[in-house]
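The values are calculated or read from the model by the stated rules, or taken from the named source; none is laboratory data. Keep in mind that what you see is a predicted model, and the values were worked out from it rather than measured. Note that we place each Cβ from the backbone using ideal geometry, even for glycine, and neighbour counts take in every protein chain shown. Accessible surface areas use protein heavy atoms only, side chains included; no ligands, DNA or RNA. Shrake-Rupley method; radii C 1.70, N 1.55, O 1.52, S 1.80 Å.
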Amino acid sequence: MQAFVKQNALNIVIWALLLTMPFLMNAVGGYTQLGTQVVVLGLAAMALNFLLGHTGVLSFGHAAYFGLGAYGVGLTIRYFEQSTLLGLLAGVVLGAVAAAVIGPLIVRRRGVYFAMVTIAFGQVFYFIAVRWNKVTGGDDGLTNWARHDINLGFTKITLVNEPIHFYYFALFFFAVAVAIMAAILRSPFGRVLLAIRENERRTRFLGINVNFHIWASWLISCTFMALAGALFALQNNFVDPHSLYWTQSGIFVIMCVLGGMRSFWGPLVGAAIYVVLQDYLSSVVSDYWQFFVGLVFVAVVLFFPRGFMGALRRRTAE
Amino acid sequence: MTQLILFNVANGLIIGAFYALMAIGLSLIMSLSDVINFAHGGFLAVGAYLAFTLTPYVGFWGGLLLAPVLTAIIGLIVEKFLISRVYGRDPLYSLLLTFGLAFMFEDGTRWIWGAQSLPYEVPSWLMQPLSQQYFFLTGYRLFMIALVAIAVGGLFYVMSKTRLGLRIRAGTLDLETVSVLGVNVRVLRNLNFGIGIYLAGLAGVLAAGQLGLEPTIGASVIMPSFVAIIIGGLGSLTGTLLGGLLIGVASGLTGVFLPPASEAVIYVMMALVLLVRPQGLLGEEGRF
């Protein structure tokens with residue numbers, strides 16, 4: 001028992017915090033929606049880190065798939081079916097299909113060139129969202145839709161006007177997604193991804209199809225990204241085209257770095273820091289908060305490159 | 001109809017010339033330093049606003065001459081004190097650094113010069129249309145094209161005929177060997193960055209006269225510049241120039257037939273190029 005606790009201390013702390021977050025947030029003067037944002041953006045950052053930190057591939061275009069998930073759920077509920085779960089599924093499928101199609105075009109690129117191609121591809125979806133006014137609502141975003149309660153037959157989950165219920169709804173999907181990602185990383189397939197990160201050439205010489213593995217990792221990463229985007233849209237009952245814009249991609253990357261890319265939970269910690277910081281900054285310097293966000297980027301790169309978890313691990317190692 | 005098409009092709013060429021100026025600078029920096037300069041659009045905005053501020057004191061021509069030089073000096077300082085510190089580390093960090101700088105530049109220009117768009121005066125004789133029928137051919141537009149041609153021609157000359165150009169080209173192929181042969185690589189990268197930023201500043205001044213001054217002026221041209229590099233082929237300056245002009249014209253022509261798709265079309269072109277010729281039109285296979 002003691003050994004179990006010691007080995008899983010970090011997991012236990014994280015889950016305890018996540019399960020009690022709405023109460024903790026209210027206790028320290030925050031609000032439940034802030035906690036939901038941490039969980040949803042944390043899922044997005046962890047999904048990105050699956051590719052960035054664990055496969056070692058520089059993607060700067062992940063906001064596109066986050067946004068596709070968001071538009072998927074919004075468009076489905078608005079035009080086709082008043083169902084939260086069906087919308088969620090549609091959002092995930094939309095993001096996954098787009099990633100699967102674009103993947104083969106980009107997996108041969110590496111390094112900064114991969115980053116440039118991914119970020120440029122992301123812009124297609126942004127312009128579609130902004131220009132296809134009639135369907136997407138254009139620059140004003142997709143409105144006039146909202147999440148619905150879920151009727152499971154034996155019981156009913158009320159999500160409308162119940163922020164705490166929605167928090168646990170989002171946490172459920174977060175838990176499933178994170179468990180799947182952890183299981184994949186522990187499987188032989190996941191070990192291959194780590195091998196690609198550590199030494200791509202050597203992995204190729206072992207007879208492994210590196211490009212296919214990068215494509216698969218990209219697909220997994222973008223699929224969970226779309227899930228996060230869909231949850232984000234459901235939380236706000238609104239889709240903002242800026243969630244697709246290239247600057248948003250950079251924000252997801254900084255979350256990963258801020259928390260620590262080499263740690264499984266790092267991106268979640270990074271997302272939490274970012275969400276709280278942004279909430280604070282936008283209340284203090286409302287007009288120019290983006291300037292300070294930029295300053296945070298520069299400061300992290302120059303003074304804090306290992307991130308929170310990296311620094312923590314270093315300290316405990318000493 | 002012919003006139004409408006001609007009008008849009010002319011417009012497209014001009015926008016394409018901006019993209020090309022930006023893309024060539026980005027490509028220079030990327031080839032030698034392995035850095036994607038996301039702040040490139042920010043430097044364009046700085047160039048444009050500096051020209052606006054200087055014009056009352058030194059006139060239009062003085063602004064045209066001085067603003068890009070001042071922008072390049074800011075670029076040299078930024079490279080020296082910030083960007084050069086992340087060379088040799090995971091490329092991720094340089095991307096995040098310039099990303100943060102892009103945020104700071106955009107809000108910084110908003111802070112200093114305000115969010116509303118500002119008028120930028122171009123001498124009126126330059127703004128006259130040259131012919132009644134082709135009213136869109138103003139002197140300023142031809143002047144811009146000529147200036148871009150001179151800048152690109154000058155750059156190609158520097159790259160192919162001077163020692164600095166030789167060293168930059170050698171550095172993009174094998175920086176370590178160049179360093180061992182006694183070239184100060186720090187200075188080389190610094191100067192190369194400065195050249196790229198000078199082109200961005202020049203594009204900024206020209207854009208100020210054509211598109212007007214807004215803090216978001218830089219953000220709107222940076223992504224098409226990436227596309228120009230990818231289509232033209234990384235490492236080939238001629239290819240990048242071609243890519244810039246090509247997407248400008250394509251975007252202009254699409255504006256005639258299907259206006260809402262005029263922005264998205266260049267990304268479709270990029271996808272096609274990556275599918276058929278992944279290294280880009282004039283790029284070499286295997287470099288990236």
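What residue, among those in the stretch A:133-154 that are free of Cβ contacts under 8 Å to residues at least 12 places away in the same chain and open to solvent by 90 Å² or more (accessible area, probe 1.4 Å), is nearest to the chain's Cα centre (by Cα)?
A:ASP140
For the stretch B:27-39, give me each residue that is farther than 11 Å from A:MET116 by Cα and either at pLDDT 90 or above or not in a helix (DSSP H, G or I) (or both).
Of everything in the stretch B:27-39, those that are farther than 11 Å from A:MET116 by Cα and either at pLDDT 90 or above or not in a helix (DSSP H, G or I) (or both) turn out to be B:SER27, B:LEU28, B:ILE29, B:ASP34, B:ALA39.
If I go through the stretch B:133-179 residue by residue, how many of them are among the hydroxyl-bearing types (Ser, Thr, Tyr), loosely packed, with under 15 Cβ neighbours inside 10 Å and in contact with a Pro (Cβ under 9 Å, 6 or more places away or on another chain)?
Here the count works out to 0.
Yes/no matrix, rows are residues, columns are (1) closer than 25 Å to A:VAL117 by Cα; (2) open to solvent by 10 Å² or more (accessible area, probe 1.4 Å); (3) at pLDDT below 85:
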site: B:PHE193; (1), (2), (3): yes, no, no
site: B:GLY196; (1), (2), (3): yes, no, no
site: B:GLY218; (1), (2), (3): yes, no, yes
site: B:ILE222; (1), (2), (3): yes, no, no
site: B:SER225; (1), (2), (3): yes, no, no
site: B:ILE230; (1), (2), (3): yes, no, no
site: B:GLY233; (1), (2), (3): yes, no, no
site: B:THR238; (1), (2), (3): yes, yes, no
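Scan the stretch B:85-103 residue by residue and report those that are more than 7 Å from chain A (Cβ to nearest Cβ) and either open to solvent by 30 Å² or more (accessible area, probe 1.4 Å) or part of a loop (DSSP other than H, G, I, E, B) (or both).
Once the filter is applied, which keeps residues that are more than 7 Å from chain A (Cβ to nearest Cβ) and either open to solvent by 30 Å² or more (accessible area, probe 1.4 Å) or part of a loop (DSSP other than H, G, I, E, B) (or both), the stretch B:85-103 yields B:TYR87, B:GLY88, B:ARG89, B:ASP90.
Could you check, for the stretch A:211-218, whether at least one of its residues is within 16 Å of the chain's Cα centre (by Cα) and in contact (Cβ under 8 Å) with a residue 40 or more places away in the chain?
Yes, because at least one residue in the stretch A:211-218 is within 16 Å of the chain's Cα centre (by Cα) and in contact (Cβ under 8 Å) with a residue 40 or more places away in the chain.
Just to be sure, is A:GLY294 closer than 27 Å to B:ASP90 by Cα and either open to solvent by 20 Å² or more (accessible area, probe 1.4 Å) or within 11 Å of chain B (Cβ to nearest Cβ) (or both)?
Yes, satisfied.
Can you tell me which residue within the stretch A:86-138, out of those that are among the β-branched types (Val, Ile, Thr) and under 16 Å from A:SER243 (Cα atoms), is farthest from the other protein chains (Cβ to nearest Cβ)?
Here the answer is A:VAL92.
Kindly indicate whether B:ALA264 is more than 19 Å from the chain's Cα centre (by Cα) and surrounded by 18 or more Cβ atoms within 10 Å (Cβ to Cβ).
Judged against the criteria, B:ALA264 is a match.
Name the single residue that is farthest from B:LEU272 (Cα to Cα) among those in the stretch A:76-97 being hydrophobic (A, V, I, L, M, F, W, C) and surrounded by fewer than 21 Cβ atoms within 10 Å (Cβ to Cβ).
A:LEU85
Mind counting the residues in the stretch A:265-311 that are in contact (Cβ under 8 Å) with a residue 40 or more places away in the chain and either under 23 Å from B:THR98 (Cβ atoms) or assigned to a helix (DSSP H, G or I) (or both)?
24
List every residue pair whose Cβ atoms sit under 9 Å apart, with the two residues 6 or more apart in sequence or on different chains, where the first one lies in the stretch B:142-168 and is within 21 Å of B:TYR19 (Cα to Cα) and the second, anywhere, is open to solvent by 60 Å² or more (accessible area, probe 1.4 Å) and not in a helix (DSSP H, G or I).
Every condition considered, the pairs that remain are B:LEU142/B:LEU130.
Can you name every residue in the stretch A:195-210 that is hydrophobic (A, V, I, L, M, F, W, C) and open to solvent by 90 Å² or more (accessible area, probe 1.4 Å)?
Once the filter is applied, which keeps residues that are hydrophobic (A, V, I, L, M, F, W, C) and open to solvent by 90 Å² or more (accessible area, probe 1.4 Å), the stretch A:195-210 yields A:PHE205, A:LEU206.
Can you find, within the stretch B:57-79, the residue that is nearest to B:LEU191 (Cα to Cα) among those that are free of Cβ contacts under 8 Å to residues at least 40 places away in the same chain and among the aromatic types (Phe, Trp, Tyr)?
Residue satisfying both the conditions and the ranking: B:TRP61.
Could you check A:LEU244 against (1) more than 13 Å from every other protein chain (Cβ to nearest Cβ); (2) surrounded by 19 or more Cβ atoms within 10 Å (Cβ to Cβ); (3) aliphatic (A, V, I, L, M); (4) in contact (Cβ under 8 Å) with a residue 60 or more places away in the chain and say which number it fails?
With (1) more than 13 Å from every other protein chain (Cβ to nearest Cβ); (2) surrounded by 19 or more Cβ atoms within 10 Å (Cβ to Cβ); (3) aliphatic (A, V, I, L, M); (4) in contact (Cβ under 8 Å) with a residue 60 or more places away in the chain applied to A:LEU244, the lone miss is (1).
Let me spell it out: the conditions are (1) open to solvent by less than 60 Å² (accessible area, probe 1.4 Å); (2) modelled with pLDDT of 90 or more; (3) basic (Lys, Arg), and A:ARG186 meets all of them except one. Which number is the exception?
(1)
Which helices (runs of 4 or more DSSP H) does the stretch B:170-275 wholly contain that include 2 or more residues that are in contact with a Leu (Cβ under 8 Å, 6 or more places away or on another chain) and more than 14 Å from chain A (Cβ to nearest Cβ)?
Of the helices (runs of 4 or more DSSP H) lying wholly inside the stretch B:170-275, those with at least 2 residues that are in contact with a Leu (Cβ under 8 Å, 6 or more places away or on another chain) and more than 14 Å from chain A (Cβ to nearest Cβ) span B:175-180, B:185-211, B:237-257.
For the stretch A:226-241, what are the residues that are away from chain B (no Cβ under 13 Å) and assigned to a helix (DSSP H, G or I)?
Passing the criteria: A:ALA226, A:LEU227, A:ALA228, A:GLY229, A:ALA230, A:LEU231, A:PHE232, A:ALA233, A:LEU234, A:GLN235, A:ASN236.
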